[in-house]
There are 2 protein chains.
Amino acid sequence: MSELKAQMDQLGQAAKTAAQDLALAPADAKNNALIAAAKAIRAQLPTILEANNKDMIAAEAKGISSAMLDRLALDNDRVEAMAAGLEAIAAFPDPIGKSLKSWDQPNGLKFEQVSVPLGVIGIIYESRPNVTADAGALCLKAGNASILRGGSESFHSSGAILDCLQTGLQEAGLPVAAIQRVPTTDRAAVGHLLTMNDYVDLIIPRGGRGLIERIQTESRVPVLAHLDGLCHTYLHEAADPKMALEVVLNAKMRRTGICGATETLLVDANYSDENLKPILNALIDKGCEIRGDAKIQQLDSRVKEASAVDWDTEYLDAILSVKRVADQKEAIAHINRHGSNHTEAIITASDQAAAAFQQEVDAGIVIHNASTQFADGGQFGMGAEIGISTGKLHARGPVGAYQLTSYKYLVRGTGHARP
Amino acid sequence: MSELKAQMDQLGQAAKTAAQDLALAPADAKNNALIAAAKAIRAQLPTILEANNKDMIAAEAKGISSAMLDRLALDNDRVEAMAAGLEAIAAFPDPIGKSLKSWDQPNGLKFEQVSVPLGVIGIIYESRPNVTADAGALCLKAGNASILRGGSESFHSSGAILDCLQTGLQEAGLPVAAIQRVPTTDRAAVGHLLTMNDYVDLIIPRGGRGLIERIQTESRVPVLAHLDGLCHTYLHEAADPKMALEVVLNAKMRRTGICGATETLLVDANYSDENLKPILNALIDKGCEIRGDAKIQQLDSRVKEASAVDWDTEYLDAILSVKRVADQKEAIAHINRHGSNHTEAIITASDQAAAAFQQEVDAGIVIHNASTQFADGGQFGMGAEIGISTGKLHARGPVGAYQLTSYKYLVRGTGHARP
């Protein structure tokens, strides 16, 4: 066994032991740890910024993109946001030990389904150092131990943040191994993490498609992943024009780089040109490139020609593909073929059309008369989220603390033997 | 691409298309299909028995074990039980389209979580031909298409049963591809099935540990599995002796070959020898071999010596390992170390001891004052079950129709743009 493998196994064993303690930890202890960690983060601001500065210098020397540098950079505000995030998670209700369901059987046996933690969660992410705090805290809230593996660019920043989380755990009397990280930037460590079924119950990757696909292929541990966010907004014939304008603009342009941003606008054949034109106009005015089919191109000379690949492209940018569809049926067929089961929306004044759309579209989140950018755990009232699951197993849609739990059945008898 | 791979892809594509239809099928259509299938099974009794006879002759010629022959054999009663099973599943409430939760956010957005099918489920099982009917029907009930792969020994029997299921689908106007099977006994077909992520959402293996482990290692599709059933019963110091005798006898001897059978009895140091002796005596009288630690061996000369491996052995036979533990803490530590997270029981008159046991033991089912043999979806009131999951992801414990579902979020606004 290689030294690295032995080191990883030790990490896994420590996490498993910590998870057993955490599963029985009272809500107060977990919340105290989060509040103490927030305090430590504020107190260690200079140390964190210094560590981040080391990472930034190394990253610049490596010539990484400015977008990635921006994700990596920390400043006073971002560090304060991290601390505040921990306090917000502490303030949520505890998701563990809740009675989810209870019933009696005719023979008098009493059944109760109760929420419990999942166990040990491995989080693999890219450059944002704040994920260290967010993910570690959310796992802790749900009674899970976590093993964090951030991008190598953020190694020093993540280390400084982890120190604060572990200070919090210590002050609350919880095992420090409840939140650990892979102590090396060696890529082989990820390979080991993905095969540690004996210690790790779930892997959550956060990052680009390449990372996610690699992990889904390699992992022997179950993976909860967010793949693509190719979201559509469909303008039904009964869409209110003013609402359509406002919602589409928001769905595309509020933030173009998030997974809930609309990438394709489908317009019903019976939604008039005169109501569509102002939408295209407003988008273009705001700097959005429009790629349309032939019918859309006729409406505005600035519309570029959409190619087949556009209907399958998640731009994450100020670009929108726009297509006329014959009717709602064609809209739904297009979505179910090209969508990514993430978030889909219909704008219509017809409740009947909305109900059919919401039933027939296969996606984690199906929205009526609102922006697809509401696809976010915070907007759902879940508080923090660790991501949005595009799979159907275990958790679908936003993954908050509650989605990081499992359950057990408690059965109570009076000496029942099975006939 | 090999011919087999192409054939499997075609099967997967057909299943996926069928699943899209099934997801929108009304409860009545699904139930009508099940009722019509039951009718077809009764009508085709001679055909089914003839097909089974072919399988039995081939199996005998291959010299397979008598236990396996028994699992393979069909007769009038077993065929009738299959038909009745389909009707029972038809009679359950529909698990799809249920509102699981709903809430409003302060901004007026309305949220609803609604149950939906998982999609396409691959079922891989061994010799019992009745699994063809049970598994296909349970998947259908939850709106899922299924691809069945039974053991090669039951190939003709399963084919005859599948014909009846497809007759039912046809009569109800549902796609025949809603229940398909791998049309070859070529083992390579399983390899393909396990990598068909584009078409298959979940794999459920049913069989021995070897089969399950092979599938968990090979599968690129998520697996919901039952691994071991190493169940314990713990006699607490406050256990009622009469109840203890009755429940332990049932937990071990009612049926020794099922996963919920107790394999190890843990006896508290303060549970008296005079109350323990009659239990050992009754077990031995019923033909149970006892393997005990030194303290247990002293009680009865017929008790054999337990070796270290006994504490990790799921006998599935009339054998019980028995150990004295110092206290409840040691009992729980033993269970969490040697158990398989399946079903664990405590016998005690102390509600406090029971509550601590139920909280601290990490298992899908934790029972107070009843036999571990109640670990069964039917006994839980779920009606049919496809097995018991020993993992913590998605479903834990008995897997019935409801556990074969996912959910989606419906969001309703009035033109909400995200600030």
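Springs between Cα atoms under 10 Å define the GNM used for chain B, and in it the highest mean-square fluctuation of B:Asp312, B:Asp94, B:Asp77 occurs at B:Asp77. Rounded to the nearest 500, the helix-only mean residue ellipticity at 222 nm of chain A stands at -13000 deg cm²/dmol, with each DSSP H run of n ≥ 4 adding -39,500 (n - 2.57). Overall, the ratio between the Cα radius of gyration of chain A and 2.2 N^0.38 Å, rounded to two decimals, is 1.10. The shape of the protein assembly as shown comes out oblate: with a ≥ b ≥ c from the C-alpha gyration tensor, a/c is at least 1.5 while a/b does not beat b/c. Its Cα centre serving as origin, segment A:15-145 has a Cβ charge dipole (Lys and Arg +1, Asp and Glu -1) of approximately 300 debye. Counts of other chain beta carbons within 10 angstrom of each beta carbon in peptide A:67-74 average 0. Of the trypsin sites (Lys or Arg not before Pro) found in segment B:126-213, the ones in coil according to DSSP and having at most 11 other Cβ atoms within 10 Å of their Cβ are B:Arg187. Each part reduced to its alpha carbon centroid, segment B:295-338 and segment B:99-123 end up 46 Å apart. The angle between the Cα long axis of helix B:209-218 and the main principal axis of chain B comes to about 50°, on a 0 to 90 degree scale. Each copy carries B:Gln170; placing its label point 7 Å along the C-beta direction from Cα gives inter-copy distances of 7.3 nm, listed from smallest up. Normalised per residue, the accessible area of the protein assembly as shown is 39 Å², obtained with a 1.4 Å probe and no contribution from ligands, DNA or RNA. Comparing A:Glu385, A:Glu314, A:Glu305 in a Gaussian network model of chain A (Cα springs below 10 Å), the most mobile by mean-square fluctuation is A:Glu305.
Proximity of backbone amide H atoms, modeled 1.01 Å from N, is registered between B:Arg181 and B:Leu148 at under 5 Å, excluding neighbours fewer than 5 places apart on the same chain. Sorting A:50-57, B:122-129 by their mean Cβ neighbour count within 10 Å, with the most densely packed peptide first, gives B:122-129, A:50-57.
Since only B:Gly292, B:Thr343, B:Ser272 are under comparison, the one whose Cα sits farthest along the positive direction of the charge dipole of segment B:231-379, derived from C-beta charges on Lys, Arg, Asp and Glu, is B:Gly292. The long axis of helix B:241-253 is offset from the longest Cα principal axis of chain B by roughly 50 degrees. Ranking of A:Arg254, B:Arg396 by solvent-accessible surface, largest first: A:Arg254, B:Arg396 (1.4 Å probe, protein heavy atoms only, all chains present). Spatially, segment A:174-196 and segment A:362-415 are offset by 26 Å when compared through their Cα centroids.
Both radii come from the Cα set of segment B:1-151: Rg as radius of gyration, Rh as Kirkwood radius; their ratio Rg/Rh reads 1.10. In segment B:197-241, comparing the full protein assembly with the chain on its own, the residues that lose 40 Å² or more of accessible surface at a 1.4 Å probe are B:Arg220. Only protein heavy atoms count here; under a 1.4 Å probe, B:Glu237 has an accessible surface of about 100 Å².
How far is helix B:3-23 tilted, in degrees, relative to the longest principal axis of the Cα atoms in chain B, given as a value from 0 to 90 rounded to the nearest 10? The answer is roughly 90 degrees. Under 1.5 on a/c is rounded, so check that first for segment A:231-379, then, if it is not, pick prolate when a/b is larger than b/c and oblate when it is not; a ≥ b ≥ c are the square roots of the alpha carbon gyration tensor eigenvalues. Verdict is rounded for segment A:231-379.
How large, in percent, is the carbon and sulfur part of the accessible surface of the protein assembly as shown at a probe radius of 1.4 Å? Carbon-and-sulfur percentage of accessible area, whole number: 49.
Net charge dipole, segment B:231-379: roughly 300 debye, given to the nearest 20, about the Cα centre with Cβ charges of +1 for Lys and Arg and -1 for Asp and Glu. Using θ = phi - 60° in the Karplus curve 6.51 cos²θ - 1.76 cosθ + 1.60, the 3J(HN,Hα) couplings for segment B:162-169 round to 4, 3, 5, 4, 6, 4, x, 4 Hz; x is entered for Gly and Pro. Chain B's nearest residue to the axis relating it to A, judged by Cβ and reported with the distance in whole Å, is B:His394, 2. Computed with every protein chain present, the accessible area of B:Val190 is close to 10 Å² [probe 1.4 Å].
Highest GNM mean-square fluctuation among A:Ala354, A:Ala345, A:Ala67, for chain A modelled with Cα contacts below 10 Å: A:Ala67. With Cα atoms defining each centre, segment B:1-64 and segment A:141-172 are spaced 51 Å apart in the structure. The HN-Hα couplings worked out from phi for segment B:285-294 by the Karplus form 6.51 cos²θ - 1.76 cosθ + 1.60 (θ = phi - 60°) are 4, 7, x, 8, 7, 10, 10, x, 6, 4 Hz, whole numbers, x standing for Gly and Pro.
In segment B:361-378, the residues whose accessible area drops by at least 50 square angstrom when the other protein chains are added to the isolated chain are B:Phe374; the probe is 1.4 Å and only protein heavy atoms count.
Shielding by partners for peptide A:387-396, expressed as the average number of C-beta atoms from other protein chains within 10 Å of each residue's C-beta, is 5. The other copies place their A:Leu69 label points at 7.8 nm from this one, listed shortest first, where each point is 7 Å from Cα along Cα→Cβ. For the chain pair A and B, buried accessible area totals roughly 5500 Å², probe 1.4 Å, rounded to the nearest 100. Label-point spacing at A:Pro419 relative to the other copies reads 6.2 nm, in ascending order, each point sitting 7 Å out from Cα along Cα→Cβ.
The values are calculated or read from the model by the stated rules, or taken from the named source; none is laboratory data. Note that this is a predicted model, so its numbers are computed, not measured. Counting neighbours? That spans all protein chains shown, and the Cβs are built from the backbone with ideal geometry, glycine included. Ligands, DNA and RNA are excluded from the accessible area calculation, which covers all protein heavy atoms including side chains. Shrake-Rupley method; radii C 1.70, N 1.55, O 1.52, S 1.80 Å.
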